[in-house]
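A.B. asks: The structure under discussion is supplied below as structure tokens; questions concerning it will follow.
The values are calculated or read from the model by the stated rules, or taken from the named source; none is laboratory data. No experiment lies behind these values; they were computed from the predicted model shown. No Cβ is skipped: glycine too gets one built from the backbone with ideal geometry, and neighbour counts run over all protein chains shown. Surface accessibility is based on the protein's heavy atoms, side chains included, excluding ligands, DNA and RNA. Shrake-Rupley method; radii C 1.70, N 1.55, O 1.52, S 1.80 Å.
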Amino acid sequence: MGVKIFGDPLPSIPWEERPTGAQNIVWRSKRNPVIPRDAIPCSNSIFNSAVVPFGDAFAGVFRVDDTGRQMQLHVGHSKDGVAWELDPERISFQAESAEVGTFIYGYDPRVVWLEDRYYVTWCNGYHGPTIGVAYTHDFETFYQLENAFLPFNRNGVLFPRKINGRYAMLSRPSDNGHTPFGDIFYSESPDMQFWGHHRHVFGTANGWQSTKVGAGPIPIETSEGWLLIYHGVLTSCNGFVYSAGAALLDLDEPWRVIARARRYFMSPQAPYENIGDVPNVVFPCAALCDAATGRLALYYGGADTVVALAFGYVGDLIDYIFEDPLT
Ligand code: BMA
């Protein structure tokens, strides 16, 4: 399939060739986990984190649960996207509103280049979890805006451009605990402050995604639609199991699903995904993409403990969606 990716070439994308004989659509880095749980002195665990190209290198916002088990956000930099240096101090957001800016907790960040700056969204503590929004130009100073939604909400993921003249975000309304439900919704904003035009995108389905679903990395714009990588959760005898799947959303009306794979493309099967603070979790929050080759580098949290990396091709993910779609 001749898929066109609307994006920039990224020849420096981290990459490993598909191992001989590997059958899966994506394959794990031989260097996994790329960030260990104790990469900085204060960290209990580092996982569910977001990275972007930055200058001729990479930068990101990382979920660090500290040794007090507080959920914090830290900046990281990397020359190659694999070896990361994390700031040992958490991000201190500059906020116009002291009330919104009072930091309670932050987790599961996403980062996107949008127009002229990097936006960060995350699960922000404000009388329960909701979607925090901030921007930065340099990964040094972060300006916090209004929360996008009322609590309770998680997995706020911005699209990388305005759609029909408005900013666009996916999110997942939830509860105040380990939510046993959850569908993905779409919302629009004229100004990054007021969000509305809410539309249902999709909900739970068979097996691996039967308890809840939530958007993962920033959607990738292709000639076939927005490629959305998301997590789906199964409730097993041993608790929640987090796997990753993919869907294609309409370019102009992204709440319309073009196709969605019935099967996951990755489930927790490596030791660092099965064993950790929360076993059996793969939780993708970022994808680097080289539009010239279709190469994809997927960053995900393993077992709520470490950051891991997987590789694949955008075209293969789109083929997999159409090979066995939900009907
Ligand atoms: C979700 C979020 C994620 C986490 C997952 C598994 O509700 O809190 O950050 O990875 O649970 O524990």
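A.B. asks: What whole-number value in cubic angstrom gives the convex hull volume per residue for the C-alpha atoms of segment 161-219?
C.D. replies: 101
A.B. asks: Summing Lys, Arg as +1 and Asp, Glu as -1, what charge do residues with Cβ under 14 Å from the Cβ of residue 146 carry, residue 146 excluded?
C.D. replies: That works out to -3.
A.B. asks: Still on this structure, please answer the following. Per DSSP H run of n ≥ 4, the term is -39500 (n - 2.57); total these for the chain, divide by its residue number, and report the mean residue ellipticity at 222 nm rounded to 500 deg cm²/dmol.
C.D. replies: So the calculated ellipticity at 222 nm is -1000 deg cm²/dmol.
A.B. asks: Hey, what did segment 152-286 get for relative contact order, percent, Cα under 8 Å, at least 6 apart?
C.D. replies: Relative contact order for segment 152-286 comes out at 18 percent.
A.B. asks: In addition: Considering only DSSP beta bridges where both residues belong to the chain, give the percentage that are antiparallel (nearest 5).
C.D. replies: 95
A.B. asks: Right, next: So for segment 1-135, what are the equivalent ellipsoid semi-axes in whole Å, largest first, each being the square root of 5 times an eigenvalue of the Cα gyration tensor?
C.D. replies: Calculated on Cα positions only, the semi-axes equal 29, 20, 14 Å.
A.B. asks: Just the number please: accessible area per residue for the chain, 1.4 Å probe, all protein chains included, in Å².
C.D. replies: With all protein chains present, the chain gives 40 Å² per residue.
A.B. asks: When the chain is treated as a GNM, springs tying every alpha-carbon pair under 10 Å, which of 211, 121, 235 comes out with the largest mean-square fluctuation?
C.D. replies: 235
A.B. asks: I'd like the distance separating the alpha-carbon centroids of segment 44-87 and segment 132-177, in whole Å.
C.D. replies: Rounded to whole Å, the Cα centres lie 18 Å apart.
A.B. asks: Obtain the nm distance between the two label points defined at residue 275 and residue 97 by a simple spin-label model: each point lies 7 Å from its Cα along the Cα-to-C-beta direction.
C.D. replies: 4.6
A.B. asks: Going 7 Å from the Cα of residue 238 along its beta-carbon direction, which residues of segment 1-42 have the amide nitrogen within less than 12 Å of the resulting point?
C.D. replies: none
A.B. asks: Give me the Debye-computed log₁₀ of I(q)/I(0) at q = 0.10, 0.12, 0.14 Å⁻¹ for segment 178-279, equal point scatterers on Cα only, no solvent, two decimals.
C.D. replies: Results for segment 178-279 at q = 0.10, 0.12, 0.14 Å⁻¹ read -0.31, -0.45, -0.59.
A.B. asks: Less than 17 Å from a label point 7 Å out along the Cα-to-Cβ axis of residue 256: which backbone N atoms in segment 142-175 qualify, by residue?
C.D. replies: 163-165
A.B. asks: Net charge near residue 108, counting Lys/Arg +1 and Asp/Glu -1 over other residues with Cβ under 10 Å of its Cβ?
C.D. replies: Taking every other residue near residue 108 into account, the sum is +3.
A.B. asks: Sticking with this one: If we restrict to alpha carbons, what Rg and Dmax does segment 70-192 come to, in Å?
C.D. replies: Cα only, segment 70-192: 14.4, 40 Å (Rg, Dmax).
A.B. asks: Ok, one more. Report ³J(HN,Hα) in whole Hz for each residue of segment 164-177, in order, from the Karplus equation J = 6.51 cos²θ - 1.76 cosθ + 1.60 where θ = phi - 60°; Gly and Pro get x.
C.D. replies: Once rounded to whole Hz, the list reads 6, x, 10, 4, 9, 9, 9, 7, 9, x, 8, 10, 8, x.
A.B. asks: Report the gain in length on full extension from residue 327 to residue 194: 0.36 nm times residue separation, minus Cα-Cα distance, nm rounded to one decimal.
C.D. replies: The span from residue 327 to residue 194 would gain 44.4 nm if fully extended.
A.B. asks: Using the Cα atoms of the chain, I'd like the radius of gyration and the largest Cα-Cα distance, Dmax, both in angstrom.
C.D. replies: Values for the chain (Cα only, Rg and Dmax): 17.9, 55 Å.
A.B. asks: For segment 8-63, which trypsin sites (Lys or Arg not before Pro) are both in a DSSP coil and crowded by at most 11 other Cβ atoms within 10 Å?
C.D. replies: Filter output for segment 8-63: 30.
A.B. asks: Next up: On the accessible surface of the chain, probed at 1.4 Å, how many percent belong to carbon and sulfur atoms?
C.D. replies: The nonpolar share, carbon plus sulfur, comes to 50 percent.
A.B. asks: Same structure again: Given R₀ = 45 Å, FRET efficiency for residue 175-residue 56 by Cβ-Cβ distance, to 0.05?
C.D. replies: After rounding to 0.05, the efficiency reads 0.55.
A.B. asks: Can you send over the solvent-accessible area of residue 198, 1.4 Å probe, protein chains only, in Å² to the nearest 10?
C.D. replies: Answer for residue 198: close to 100 Å² accessible.
A.B. asks: Shape verdict for segment 282-327, please, from the Cα gyration tensor: rounded (a/c under 1.5), prolate (a/b greater than b/c) or oblate.
C.D. replies: oblate
A.B. asks: Working from the alpha-carbon coordinates of segment 3-60, get Rg over Rh, Rh being the Kirkwood radius.
C.D. replies: Result: Rg/Rh = 1.03.
A.B. asks: When Lys and Arg each count +1 and Asp and Glu each count -1, what net charge do the other residues less than 12 Å away from residue 276, Cβ to Cβ, add up to?
C.D. replies: Neighbourhood net charge equals -3.
A.B. asks: Now a separate question. What translational D, rounded to a whole number of µm²/s, comes out for segment 185-237 from Stokes-Einstein when the hydrodynamic radius is the Kirkwood one over Cα pairs, at 37 °C and 0.692 mPa s?
C.D. replies: Here the translational diffusion coefficient equals 252 µm²/s.
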